[in-house]
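Worksheet for the structure shown next.
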Amino acid sequence: MQNPNVPASRPLREARRHIGTRSVSALGMGCWAIGGPFWAGEQPLGWGEVDDKESIAALRLAVELGVDFFDTADVYGAGHSERVVGEALRPFRDQVLIASKFANTFDEESRQTFTPDASPGHIRRACEASLRRLGIERIDLYQFHWNDYAAEAIGPLVETLEALVREGKIAAYGWSTDFTDRIAAMKVIGPNCVTVQFEHNVLAGNPQMLPTAQELGITAAINRGPLGMGLLTGRFTSAQPLAASDLRSKTPEWLQYFKDGVPVPALAEKLERIRGLLTADGRTLAQGALAWLLTESPLNLPIPGFRTREQVRANIATLDYPPLPAVAMREIAALLG
């Protein structure tokens, strides 16, 4: 569906999103990459080495440019992302909404991850640890970080989250899942379940999630991977090597955009079909891809990742443009259909 909240001639910046009852910017910042390296055995799960000073400067620049939603997880960098986010946003705590996630287990020193844990005891321990790393008293949005956890087993987890809301440890919660039955199971029994986070972009959509979220009364559909893990920036080619600590260099099974550091040819070919439509009015390819999401639905809330101020500035400039024209949206759908 086309987003009716922003007239075709007005900038996307004027469209706000909602996390529960709280209004936030239409674009958020995804904080996975700034966590730095971490692993599952020999499989890298991070995006390579990072410069914490640059990460902090980039986060603060995002606030200056009008972004007030920041999404991290306890496991990103085995706790490091939360520490960086907490330090960077401390001066702006009353101005921003901080989201984190739980379920993964890890060792902060070795940066190794282990089997996830959804038990009530782990949820409480993980919440307290995230609060300490972030340096805050309440997490604004706390998301379950186990994509395919059994829907029928969600009861004790939701009870624990509702208790954390009552205790003031979290304000609201959601599920990072690509499965409509999972978010439905949580929402039906969880009054403070307000968001779903799922993989969604112009090349790899999830057509069932948006209508499901709308039917359930979910207030925001947070778009994970809005730039296809970097593919939609157009910067990666088969001739460009990636660092060994970058998960795209040794591709896990669930990553569909790259294979051993190289863009998947079928997706690269699809991108070329629509490149001109995404960039027709002077937007960069990445800005066009983000605009596609913001034009598609008033529920969509993309969270592009970043490691530099330059990337933050370019991504937020998406909001200075109007929505993509309706004719362009139809042509993109036809070319990808």
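The values are calculated or read from the model by the stated rules, or taken from the named source; none is laboratory data. Everything numeric in this text was worked out from a predicted model, so none of it was measured. No Cβ is skipped: glycine too gets one built from the backbone with ideal geometry, and neighbour counts run over all protein chains shown. Heavy atoms of the whole protein, side chains included, go into the accessibility calculation; ligands, DNA and RNA do not. Shrake-Rupley method; radii C 1.70, N 1.55, O 1.52, S 1.80 Å.
Find the strands (runs of 3 or more DSSP E) located wholly in the range 154-248 whose residues include 3 or more that are open to solvent by 40 Å² or more (accessible area, probe 1.4 Å), and list them. Steps first, please.
On the way: elements: 173-176, 193-199, 220-224.
Correct list: empty, since no element meets the threshold.
Go through the residues of the range 92-112 one by one and say whether even a single one is of a type in the set (A, V, I, L, M) and open to solvent by 30 Å² or more (accessible area, probe 1.4 Å). Full working, then the answer.
From the range 92-112, those of a type in the set (A, V, I, L, M) are 96-99, 103; that's our starting set.
Retained after the next criterion (residues that are open to solvent by 30 Å² or more (accessible area, probe 1.4 Å)): none.
No, the range 92-112 contains no residue that is of a type in the set (A, V, I, L, M) and open to solvent by 30 Å² or more (accessible area, probe 1.4 Å).
Of the residues 46, 28, only one is within 27 Å of residue 249 (Cβ to Cβ), open to solvent by less than 30 Å² (accessible area, probe 1.4 Å), in contact with a Pro (Cβ under 6 Å, 6 or more places away or on another chain) and in contact (Cβ under 8 Å) with a residue 60 or more places away in the chain; which?
On the way: 28 fails: in contact with a Pro (Cβ under 6 Å, 6 or more places away or on another chain).
Only one candidate qualifies: 46.
Can you pull out the residues in the range 286-321 that are aliphatic (A, V, I, L, M), open to solvent by 10 Å² or more (accessible area, probe 1.4 Å) and farther than 13 Å from residue 221 by Cα? Steps first, please.
Of the residues in the range 286-321, the ones aliphatic (A, V, I, L, M) are 286, 289-291, 293-294, 299, 301, 303, 312, 314, 316-317, 319.
Going one step further and asking which of them are open to solvent by 10 Å² or more (accessible area, probe 1.4 Å), we end up with 286, 299, 303, 314, 317.
286, 314, 317, listed by residue number.
Sort out which residues of the range 322-337 are in a helix (DSSP H, G or I), without any contact (Cβ under 8 Å) to a residue 40 or more places away in the chain and either of a type outside the set (Gly, Ala, Ser) or open to solvent by 70 Å² or more (accessible area, probe 1.4 Å) (or both), and write them in order of number.
Start the filter on the range 322-337 by keeping residues that are in a helix (DSSP H, G or I), which leaves 326-336.
Right, trim to without any contact (Cβ under 8 Å) to a residue 40 or more places away in the chain and you get 327, 330, 333-334.
If the condition is that a residue be in a helix (DSSP H, G or I), without any contact (Cβ under 8 Å) to a residue 40 or more places away in the chain and either of a type outside the set (Gly, Ala, Ser) or open to solvent by 70 Å² or more (accessible area, probe 1.4 Å) (or both), then 327, 330, 334 are the ones that fit.
For the list (1) assigned to a helix (DSSP H, G or I); (2) closer than 22 Å to residue 138 by Cα; (3) among the hydrophobic types (A, V, I, L, M, F, W, C), I need the number of the one condition that residue 61 fails.
(2)
Just for the range 249-289: of the residues that are basic (Lys, Arg) and assigned to a loop (DSSP other than H, G, I, E, B), which one is nearest to residue 36 (Cα to Cα)? Before the answer, list the steps.
Residues of the range 249-289 that are basic (Lys, Arg), as a first pass: 250, 259, 270, 273, 275, 283.
If we keep only those that are assigned to a loop (DSSP other than H, G, I, E, B) too, we end up with 250, 283.
On the way: 250: 16, 283: 29 Å.
Ranking the qualifying residues of the range 249-289, first place goes to 250.
So residue 56 clears everything in (1) touching a helix residue (DSSP H, G or I) at 6+ places or on another chain (Cβ under 9 Å); (2) within 26 Å of residue 146 (Cβ to Cβ); (3) not in a loop (DSSP other than H, G, I, E, B); (4) not basic (Lys, Arg) except one condition, right? Which one?
Single failed check for residue 56: (2).
Which residues, taken from the range 290-321, are closer than 27 Å to residue 194 by Cα and assigned to a loop (DSSP other than H, G, I, E, B)?
Going through the range 290-321, the residues closer than 27 Å to residue 194 by Cα turn out to be 290-306, 312, 315-316, 318-319.
Those that are closer than 27 Å to residue 194 by Cα and assigned to a loop (DSSP other than H, G, I, E, B): 297, 298, 299, 303, 304, 306.
Quick check on my filter: what residues within the range 189-208 are β-branched (Val, Ile, Thr) and within 18 Å of the chain's Cα centre (by Cα)?
Step one: filter the range 189-208 for residues β-branched (Val, Ile, Thr), giving 189, 194-196, 202.
Scanning the range 189-208 gives 194, 195, 196, 202.
Identify, please: which residue in the range 113-149 is part of a loop (DSSP other than H, G, I, E, B) and polar (S, T, N, Q) and is, among those, surrounded by the most Cβ atoms within 10 Å (Cβ to Cβ)? Before the answer, list the steps.
First pass over the range 113-149, keeping only residues part of a loop (DSSP other than H, G, I, E, B): 115-119, 135-138, 140, 145-149.
Add one more test, that the residue is polar (S, T, N, Q), and what stays is 115, 119, 147.
Working: 115: 6, 119: 12, 147: 18.
Going through the qualifying residues, I end up with 147.
Under 9 Å between Cβ atoms, which residue pairs at least 6 apart in sequence (or on different chains) link something in the range 182-210 that is touching a residue at least 60 places away in the same chain (Cβ under 8 Å) with a partner that is among the acidic types (Asp, Glu) and buried (at least 18 other Cβ atoms within 10 Å of the Cβ)?
Pairs that qualify, where the first residue is touching a residue at least 60 places away in the same chain (Cβ under 8 Å) and the partner is among the acidic types (Asp, Glu) and buried (at least 18 other Cβ atoms within 10 Å of the Cβ), are 197/71; 200/178; 200/296; 202/296; 210/296.
Listed here are the residues, each with its yes/no results for (1) over 21 Å from the mean Cα position of the chain (by Cα); (2) modelled with pLDDT of 85 or more; (3) more than 23 Å from residue 44 (Cβ to Cβ).
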site: 231; (1), (2), (3): no, yes, no
site: 244; (1), (2), (3): yes, no, no
site: 281; (1), (2), (3): yes, yes, yes
site: 295; (1), (2), (3): no, yes, yes
